[in-house]
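A.B. asks: What follows is a single structure, and I will ask about it in a moment.
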Amino acid sequence: MSTDAKASKILARTFFNQLRASGYTPTQVIGVATELIDLVTSDLKEESRRPTGPELSAEEAFPAL
C-alpha cells in the first residue's frame, strides 16, 4: 500500500471514529460520506470544464493532509 493510500485510510478512520464518538449513528455517517462523494463529484465535473494546466501533487493541492 502506498504512503498516500495509508494516509487516506488513517484520515478516513480518524474522521469515522470522531463522528461515532460525537454520537453520529451509522446512518448519519453514511449521509456524511454521501455528501463528501457528492462534493468530490461536483468538483471533478467543474475541474473537467476548466482549462488544463500543470497538475498539482496531492501535497500541493492538500497541504494540510
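The numbers here are math on the coordinates, done by the rules we state, and not lab data. Being a predicted model, the structure only gives us computed values, none of them experimental. Cβ: placed from backbone, ideal geometry, glycine included. Neighbour counts: every protein chain shown.
A.B. asks: Here are some values of Cα extents along the principal axes in Å: (i) 43, 26, 20; (ii) 44, 20, 15; (iii) 55, 29, 17. Which one was computed from this structure?
C.D. replies: Recomputing Cα extents along the principal axes in Å here picks out (i).
A.B. asks: Got a sec? How would Thr27, Thr41 order by Cβ neighbour count within 10 Å, fewest to most?
C.D. replies: Lowest to highest Cβ neighbour count: Thr27, Thr41.
A.B. asks: Using only Cα atoms, find the angle between the long axis of helix 3-21 and the longest principal axis of the chain, and express it within 0 to 90 degrees, rounded to the nearest 10.
C.D. replies: 40
A.B. asks: Next question. May I ask you to derive the FRET efficiency for Met1 and Arg49 from their Cβ-Cβ distance with R0 = 25 Å, giving the value to the nearest 0.05?
C.D. replies: 0.15
A.B. asks: Extending each Cα 7 Å along its Cβ direction at Leu39 and Thr25, get the distance between those two points in nm, one decimal.
C.D. replies: 2.3
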